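The values are calculated or read from the model by the stated rules, or taken from the named source; none is laboratory data. Note that the structure is predicted; figures quoted are calculated from it, not measured. With ideal geometry, Cβ positions are generated from the backbone for all residues, glycine too; neighbour counts draw on all protein chains shown.
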Amino acid sequence: MKITKEIKEKVKSILKSLPKEFNLDDDDYFCTYELMVYIYHEDGTTDFSDFDHFKGIGQLNKAIDRIIAYYKDSLYCIDFKYSYEEGEFDQFTIYTHTK
């Protein structure tokens, strides 16, 4: 397991409390949750790189494994970002990569 049981439970609880996500083509659509990937640059600084998505708590570890495999040693950390309404969000680190 890449993340602790406590973090997985926290993510699961948040997912249950989020509003239902509309279809992409709906005018009211906004992304309620996603993963944010941060990487190391060659000069040692870190920065946001990309978003990644997963469908439900059962897919979280698979998404993390996919990100680790893709970024390898350039990966710094993965944050879980969530939003109860468009334009407002919160996030926290769920995985920090060790080289």
Self-check item: Hits in segment 60-78 (condition: among the hydrophobic types (A, V, I, L, M, F, W, C) and crowded, with 17+ Cβ neighbours inside 10 Å)
Solution: Leu60, Ala63, Ile64, Ile67, Leu75, Ile78
Exercise. Scan segment 79-99 residue by residue and report those that are within 16 Å of Cys31 (Cβ to Cβ) and either of a type outside the set (S, T, N, Q) or surrounded by 16 or more Cβ atoms within 10 Å (Cβ to Cβ) (or both).
Key: Asp79, Phe80, Lys81, Tyr82, Ser83, Tyr84, Glu85, Glu86, Gly87, Glu88, Phe89, Asp90
Self-check item: Any hit, segment 29-45, residues being in contact (Cβ under 8 Å) with a residue 40 or more places away in the chain and either assigned to a helix (DSSP H, G or I) or farther than 24 Å from Thr4 by Cα (or both)
Solution: yes
Self-check item: Meets criteria (modelled with pLDDT of 95 or more and either surrounded by 12 or more Cβ atoms within 10 Å (Cβ to Cβ) or not charged (D, E, K, R) (or both)) for Ile57
Solution: no
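Yes/no per residue for (1) at pLDDT 95 or above; (2) exposed (fewer than 10 other Cβ atoms within 10 Å of the Cβ); (3) of a type in the set (Phe, Trp, Tyr):
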site: Lys5; (1), (2), (3): no, yes, no
site: Asp28; (1), (2), (3): no, yes, no
site: Ile39; (1), (2), (3): yes, no, no
site: Gly44; (1), (2), (3): no, yes, no
site: Phe48; (1), (2), (3): yes, no, yes
Practice problem: Within segment 46-65, identify whether any single residue is among the hydrophobic types (A, V, I, L, M, F, W, C), within 15 Å of Thr98 (Cα to Cα) and within 12 Å of the chain's Cα centre (by Cα), and answer yes or no. | Solution: yes
